[in-house]
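The values are calculated or read from the model by the stated rules, or taken from the named source; none is laboratory data. Values in this document were obtained by computation on a predicted structure and should not be read as measured data. All Cβ positions, even for glycine, are placed from backbone atoms using ideal geometry, and neighbour counts span all protein chains on display. Quick note on the areas: whole protein, heavy atoms, side chains included, nothing else; ligands and nucleic acids left out. Shrake-Rupley method; radii C 1.70, N 1.55, O 1.52, S 1.80 Å.
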Amino acid sequence: MNPIELNLDGLVGPTHNYAGLSPGNLLSAKHARSVSHPRAAARQGLEKMKLVASLGIEQGVLPPHPRPSISWLNRLGFIGSESDVIEQASQVDPALLTACCSASGMWTANAATVSPSADTKDRRVHFTPANLSSLFHRSIEADWTGHLLREIFQSRSHFEIHDPLPGASAFSDEGAANHTRFAASHDESGVEFFVYGREGVTASTEETSLVTRRFVGRQTREASEAVARLHELDPARVVFARQSQEAIDAGVFHNDVISVGNGHVLLYHEQAFVGTGEILAQLRASIQSLAGGDSEGFLPLCVQQEELTLEEAAECYVFNSQLLTLPDSAGSMLLLVPSECEEHVRARRVLDRLLREENPITKVEFVDVRQSMRNGGGPACLRLRVALTEDELAHMHQGIRFTDTLHDRLLKWVDTHYRETLTIPDLADPSLVSETTAAYRALEDILQLPFLSTT
Ligand code: SUG
């Protein structure tokens, strides 16, 4: 039996739009207010899930968050019938309506941080839903994500779902997008690597000021450390690193835009971190000690700025790839790369070099997730990795496991319920609420999750 890595992809929701809501995310800013294609976006996501499942890798699907969120608009003081609420919000504060319509829950790499049972003291899988407190439209995901994870991973003897960290800026947490795990295989204990963008509680005024920098990092050191404590990880098996400010300023708002890890491999840009030499030494020592010193060892694969600048990386998203161990292939890996890189001459050169050189990456495939990419979300953003044992897999909710039948049902569902195009003014259309409610009601049956249209 192969060790299991479940990839939980977020199904793109019917309100997928380009609102330019994320400072520091240059692709989102570039496409702000352009016309989106929700149906094509959801189809692209489903195609990616099908591709990963066809490799023999366990795939699952997480439903879209309920949007437009009438309950959040109610919390903000817009009261009345659903159409009254939409109308008031669109007149009084259209930006709030837009935020409460965002389909950003699709980027499940930001849903939570996950530590598998092989790493935790109580031998349960630990999840901490990300509070996403940096940006309002993302912060409203946290409670619902917690609820969803509790429904999907119900067995308390196998799974622990923590509350999100406190919502203050000092504990800003963006989940697995800033977390990587190194292990000989998915079922063995590993080293967890947390990357943060700034200090939280102890930040100096200079550090948070935009006078000397372009963008402020989202993940704080305090948040990463709190998650590691909550998950009861062995401190000897945890490494923390700080993102370089150059990377953040170039548009690297999450670490998964500039590095990706799997097995014992870390593919990273030379300007990704502060103090790279020391970080690599810590990772090497920790990984080495896992296997009593006789492991094959840590394999860092560096991309230098002469090959690809930070700005180019933040544009083509070559690092925002899924690095997948291929089952039954003695540890060889596939890099699933956004199709934008296929036409990007310098990214192609990097990929060709990786394939030529001695390392476990034996295959590169391109995947079209262009609708998501235009909002700054590549293949890696769209999935949450959960390493599980056979027993844990059997104890989670089975209705979200991806099969050909589920794929076909979801495709039909998307074609029935999604609009072909959506503009920002369309978000003020009250019929969008009834359309999406009908969609979520139908999805309850498909995924066997009976609360999607009522929360
Ligand atoms: O948080 N974009 C998301 C993209 C998240 C990508 N995730 C990872 N790198 N793991 C964000 O910036 C844009 C929404 C808008 O502008 O309409 C947005 O939220």
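Which ones in segment 38-63 are open to solvent by 10 Å² or more (accessible area, probe 1.4 Å) and within 22 Å of P430 (Cβ to Cβ)?
If the condition is that a residue be open to solvent by 10 Å² or more (accessible area, probe 1.4 Å) and within 22 Å of P430 (Cβ to Cβ), then R39 is the only one that fits.
Within 16 Å of the ligand (Cβ to nearest atom) and open to solvent by less than 40 Å² (accessible area, probe 1.4 Å): which single residue out of M396, M373 fits that description?
Only one candidate passes the filter, namely M373.
Of all residues in segment 402-418, how many are crowded, with 17+ Cβ neighbours inside 10 Å and either charged (D, E, K, R) or part of a helix (DSSP H, G or I) (or both)?
6
Sort through L27, L51 and tell me the only one that's of a type in the set (A, V, I, L, M, F, W, C) and either part of a loop (DSSP other than H, G, I, E, B) or more than 12 Å from the ligand (Cβ to nearest atom) (or both).
The unique qualifying residue is L51.
Which condition breaks for F319 when tested against (1) touching a helix residue (DSSP H, G or I) at 6+ places or on another chain (Cβ under 9 Å); (2) modelled with pLDDT under 95?
(2)
Do we have A95 as of a type in the set (A, V, I, L, M), open to solvent by 10 Å² or more (accessible area, probe 1.4 Å), at pLDDT 95 or above and out of contact with any strand residue (DSSP E or B) (no Cβ under 7 Å at 6 or more places or on another chain) here?
yes
Criterion first (more than 16 Å from the ligand (Cβ to nearest atom), under 16 Å from the mean Cα position of the chain (by Cα) and either in a helix (DSSP H, G or I) or at pLDDT 95 or above (or both)) does L165 satisfy it?
no
Return yes when D122 is more than 14 Å from the ligand (Cβ to nearest atom), at pLDDT 95 or above and closer than 22 Å to F194 by Cβ and no when it is not.
Considered against the rule, which asks whether it is more than 14 Å from the ligand (Cβ to nearest atom), at pLDDT 95 or above and closer than 22 Å to F194 by Cβ, D122 comes out as yes.
Kindly list, by first and then second residue, each pair from a residue in segment 302-316 that is more than 18 Å from I248 (Cβ to Cβ) to a residue that is buried (at least 19 other Cβ atoms within 10 Å of the Cβ) and of a type in the set (F, W, Y), limited to pairs with Cβ atoms under 9 Å and residues at least 6 apart or on different chains.
C302/Y268
Give segment 68-86 a look and list any residue that's under 32 Å from the mean Cα position of the chain (by Cα) and more than 18 Å from T454 (Cα to Cα), or say none.
L76, G77, F78, listed by residue number.
Of A177, A228, A223, A203, which residue is free of Cβ contacts under 8 Å to residues at least 40 places away in the same chain, closer than 19 Å to T113 by Cβ and aliphatic (A, V, I, L, M)?
A228
Counting only residues that are open to solvent by 10 Å² or more (accessible area, probe 1.4 Å) and of a type outside the set (G, A, S), which one in segment 98-113 is farthest from the ligand (Cβ to nearest atom)?
T98
Please list, ordered by first then second residue, the pairs with beta carbon atoms under 7 Å, 6 or more apart or interchain, first in segment 11-24 and within 6 Å of the ligand (Cβ to nearest atom), second part of a loop (DSSP other than H, G, I, E, B) and open to solvent by less than 10 Å² (accessible area, probe 1.4 Å).
S22/G376
Quick check on this structure: which one of V238, V216 is away from the ligand (no atom under 16 Å from the Cβ) and open to solvent by 10 Å² or more (accessible area, probe 1.4 Å)?
Being away from the ligand (no atom under 16 Å from the Cβ) and open to solvent by 10 Å² or more (accessible area, probe 1.4 Å) holds for just one of V238, V216, which is V238.
How many residues does segment 365-401 hold that are of a type outside the set (A, V, I, L, M, F, W, C) and part of a helix (DSSP H, G or I)?
9
Could you tell me which residue of segment 318-369 is most open to solvent (accessible area, probe 1.4 Å), considering only residues that are among the acidic types (D, E) and farther than 17 Å from S54 by Cα?
E358
For segment 181-202, which residues satisfy the criterion of being open to solvent by 10 Å² or more (accessible area, probe 1.4 Å) and β-branched (V, I, T)?
Listed by number, the residues that qualify are V201, T202.
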